[in-house]
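Note sheet for the following structure.
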Amino acid sequence: MIPSKNSILCICWLITTIGLANISEDPAIQKATKYYIDGDYHQAVTEYKRFLFFHPDHPQKSLIYLQMGKVFIQLADFGSAIDLLQVAFQQTNDVTQRLQIGFQLIPVLIAENQTDRAVIVSYRVLTLIDRTSANVRSDDRARIYFFLGISELYRQNWKAAKAAFLVSDLVSPEAITLLDELGKEDVKKSASMAKWLSTFCPGLGQFYAGEWADGINSFLLNGIIASYVSHLFSSGRRQSAILLGSSILWRYYNGNRQNAVKAVGQYNTRLNEKKINRVLDQLSLKK
C-alpha cells in the first residue's frame, strides 16, 4: 500500500527546515502571521487575503501566496495549497523565493499523486539555479534533487530516480542498490495477453492475473450460460438461443474480457506499490 499523504510529506520535509517566509513587517501581515503561529488558520487566510485585496501589487506578494499555501497545507486542503503555491511560483523570478516555494509545492504535488507536475517544477527550479549566478546553497540544490528522485520513484522511473538521488548525495547506498535491482526487473503482466486469454477461454485472463476466484466464477458462469444456449439450439428452440446468446451470454463473455484487463492493471499497480515501498523502507538519509 502506498504511504498516506502525510507520510509522503514527512519524508520530503524531513530534509527541509520549514520556517515562516520573510515577509514585510507591515502590521497587517504580522497580524496574519500571528494567527498562523497560533493555529488560527482560517483567520490567517482571511487576513492574508484582505492584505492582497488592498495591496495587489505588493512587491512580496509571492511570499504572501506562499504563506497562504502553507496555511492550507496545515488544513490538509492540498488542492487549494497547490493552487496558491503555483500562483506564488509564477509571481516571482527570484531564485531564493522560488526555492522556498518549491520546497513546499513539490512535496504536496507528490502527495496528491501529481508527480508529472512535481518533476516539471523541480526542473524549473534547477534550471533557474543553473542560469543565474545566485548564491544558492549546495544542500538546497541537493534537496530539490531529492524531491525529483521521490517524484521519479512514484512514476516507476527507476533509472531517473537513481540518477536524481545520486546527485542529491542524500540517500543511503542500500536504496541506490535496490533501485538498480528494480531497474533490471520486468515482471509486469500484459493487458493484451489477458484479454486474448479470456477471449479464448473465459476466466483464463483472470487466472493469468492471479485472480483465481474471479477466474473460476467467470469460467463457470460463461460455461453454464453457453451450455444452456447450446441446449436450446439442439432442442430446436433457436430463436430463444439466439436471444439469450446475443444478450446475456455476450454481456458476460465481453465483461469477462474487460475484467481480465482490469485484473492485470490491478496486479501491476500492486506490484509497483510493493516496489516503491521497498525503496521507501530503505530510504534512510546519509548521516
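Quick look at the values:
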| item | result |
| --- | --- |
| The lone exception for L128 - which of (1) without any contact (Cβ under 8 Å) to a residue 60 or more places away in the chain; (2) under 30 Å from E273 (Cβ atoms); (3) buried (at least 17 other Cβ atoms within 10 Å of the Cβ); (4) not β-branched (V, I, T) it fails | (2) |
| Where a residue in the range 134-155 is touching a residue at least 12 places away in the same chain (Cβ under 8 Å) and its partner, wherever it lies, is surrounded by 17 or more Cβ atoms within 10 Å (Cβ to Cβ) and basic (K, R), with Cβ under 8 Å and at least six apart | G149/K162 |
| Number of the exception - A213 against (1) surrounded by 14 or more Cβ atoms within 10 Å (Cβ to Cβ); (2) without any contact (Cβ under 8 Å) to a residue 60 or more places away in the chain; (3) among the aliphatic types (A, V, I, L, M) | (1) |
| Qualifying position, being under 30 Å from I37 (Cα atoms), of a type in the set (S, T, Y) and modelled with pLDDT under 90, among S138, S133 | S138 |
| Some residue of the range 70-77 being in contact with a Ser or Thr (Cβ under 9 Å, 6 or more places away or on another chain), touching a residue at least 24 places away in the same chain (Cβ under 8 Å) and of a type in the set (F, W, Y) | yes |
| Within the range 113-130, considering residues that are among the polar types (S, T, N, Q) and touching a helix residue (DSSP H, G or I) at 6+ places or on another chain (Cβ under 9 Å), the one modelled with the lowest pLDDT | N113 |
| Spans of helices (runs of 4 or more DSSP H) in the range 117-230 with at least 2 residues under 30 Å from G245 (Cβ atoms) and not β-branched (V, I, T) | 191-200, 204-208 |
| Out of N256, N217, sole residue that is at pLDDT 85 or above and farther than 30 Å from R155 by Cα | N217 |
| Near pairs, Cβ below 8 angstrom, 6+ apart or cross-chain, from the range 53-65 (more than 22 Å from L105 (Cα to Cα) and assigned by TED's automatic domain parsing to the domain that holds L105) to any residue that is basic (K, R) and surrounded by 16 or more Cβ atoms within 10 Å (Cβ to Cβ) | H55/K61 |
| Complete set of residues in the range 216-252 that are of a type in the set (A, V, I, L, M) and surrounded by fewer than 13 Cβ atoms within 10 Å (Cβ to Cβ) | L220, I224 |
| Yes/no for G265 being among the small types (G, A, S), part of a loop (DSSP other than H, G, I, E, B) and closer than 30 Å to E152 by Cβ | no |
| Unmet criterion (only one of (1) of a type in the set (G, A, S); (2) closer than 12 Å to V87 by Cβ; (3) surrounded by fewer than 18 Cβ atoms within 10 Å (Cβ to Cβ)) for S62 | (3) |
| Output for the range 187-200, where each listed residue is touching a Phe, Trp or Tyr at 6+ places or on another chain (Cβ under 7 Å) and either without any contact (Cβ under 8 Å) to a residue 40 or more places away in the chain or surrounded by fewer than 19 Cβ atoms within 10 Å (Cβ to Cβ) (or both) | K189, M193 |
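Here is a yes/no grid of residues against (1) among the polar types (S, T, N, Q); (2) in the same structural domain as T269 (by TED's automatic domain parsing):
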| site | (1), (2) |
| --- | --- |
| I176 | no, no |
| L182 | no, no |
| T199 | yes, yes |
| G203 | no, yes |
| Q206 | yes, yes |
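The values are calculated or read from the model by the stated rules, or taken from the named source; none is laboratory data. Since this is a predicted model, take the numbers as computed values, not measurements. Quick reminder, even Gly has a Cβ in these numbers, built from the backbone with ideal geometry, and neighbours come from all protein chains shown.
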